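Taking it in order: structure first as structure tokens, then the write-up.
Readers should treat all values here as calculations from the given coordinates under stated rules, not as data from a laboratory. Because the structure is predicted, anything quoted here is derived from the model rather than measured. Cβ placement follows ideal geometry from the backbone for every residue including glycine, while neighbour counts extend to all protein chains displayed.
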Amino acid sequence: MKFRVGYEIQYQFPQPTPVILMLNVHDSRASALEVPDHIRIVPPLPVAGYRDGFGNWCSRIVAPAGLVIFSTDTIANDSGKPDPVVLSAEQVPVENLPQEALVFLLASRFCDSDRMLDLAWSHFGNGPTGWARVQAICDFVHQRIQFGYEFARVTRTASEAYNDCQGVCRDYAHLAIAFCRAMNIPARYCTGYLSDVGTPLPYGPGDFAAWFEVYLGGRWHIFDPRNNTPRVGRILLARGRDAADVAITTTFGPNTLKSFRVWTDEIPAKTA
């Protein structure tokens, strides 16, 4: 299966402004691209790249005053299979976790699991463990939060999402991650493209999606409390502790977002 993936994001800057961009497909999926997803910038600007502490590729620019447009458009190959389900995956005791997983047990800016310990154990402490426990968390979060773009708030933490009972996909992910960490399950935040394949019409506006991964049974597994069902056409951009680590753009000065478009469109297979 093939998907056309890309974005066009327009900002108006009143003055020269440093910007960090995290808009490239993650290395783990880069080989699926038919052509590299280089960031096209209008007007053309010099770009410096680096890899952050989580292995994500980041680009640095200084945007000039005026309108600046970031875009890319490429083709990604995909297996066409939904997210794997591994019901037998068991929770790994903390003392047996690999060192690189430990940071994903800690409270972070938006996943304030330290404030949710008692709540998490009261909801999930007497239930199943392993995969079934994470799925129970996703079921709870899916039911708890009402989705709506009008509910978006970039400063909302997991505990606030629990109390507000509304939000967008990042809030679902943050709350589920916080519950998992409170239950001693490493969980990390993910952002990327997500297709609408297998979902009913009409499709909503294109956007980047948020989901999370947990460490069970010796490897990382995908969970998506916003949709709460395995999906097709998930293409990772970046991973981190929460949304603060994987912002698609971080601007160091005033600006206005003028336009934002994202697409993850299935390309029909050619018929003989």
With +1 at each Lys and Arg Cβ and -1 at each Asp and Glu Cβ, the charge dipole magnitude of the range 1-148 around its Cα centre, to the nearest 20 debye, comes out at 340 debye
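Counting other beta carbons within 10 Å of each residue's own, what order do Cys58, Cys138, Cys180, Cys190 fall into, fewest first? Let's see the in-between values first.
On the way: Cys58 17, Cys138 26, Cys180 30, Cys190 23.
Taking fewest neighbouring Cβ atoms as first place, the list is Cys58, Cys190, Cys138, Cys180.
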The convex hull of the Cα atoms of the chain, divided by residue count, gives a volume in Å³ per residue of 143 Å³
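Normalised radius of gyration for the range 94-245, please: alpha carbon Rg relative to 2.2 N^0.38 Å, two decimal places.
On the way: Rg = 14.5 Å, N = 152, 2.2 N^0.38 = 14.8 Å.
Computed over Cα atoms of the range 94-245, the ratio equals 0.98.
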The answer for Ala63, listing residues at least 5 apart or on another chain whose modeled amide H is closer than 5 Å to its amide H, is Thr17, Val19
Expressed in nanometres to one decimal, the distance between label points 7 Å along Cα→Cβ at Gln12 and Leu201 is 3.6 nm
Percent relative contact order for the chain, counting Cα pairs under 8 Å at least six residues apart, stands at 30 percent
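Which whole-number percent gives the relative contact order of the range 94-245, counting Cα pairs below 8 Å spaced six or more residues apart? Intermediate values should be presented prior to the final figure.
Values: 268 pairs, mean separation 43.1, N = 152.
Averaging sequence separation for qualifying contacts and normalising by length gives 28 percent for the range 94-245.
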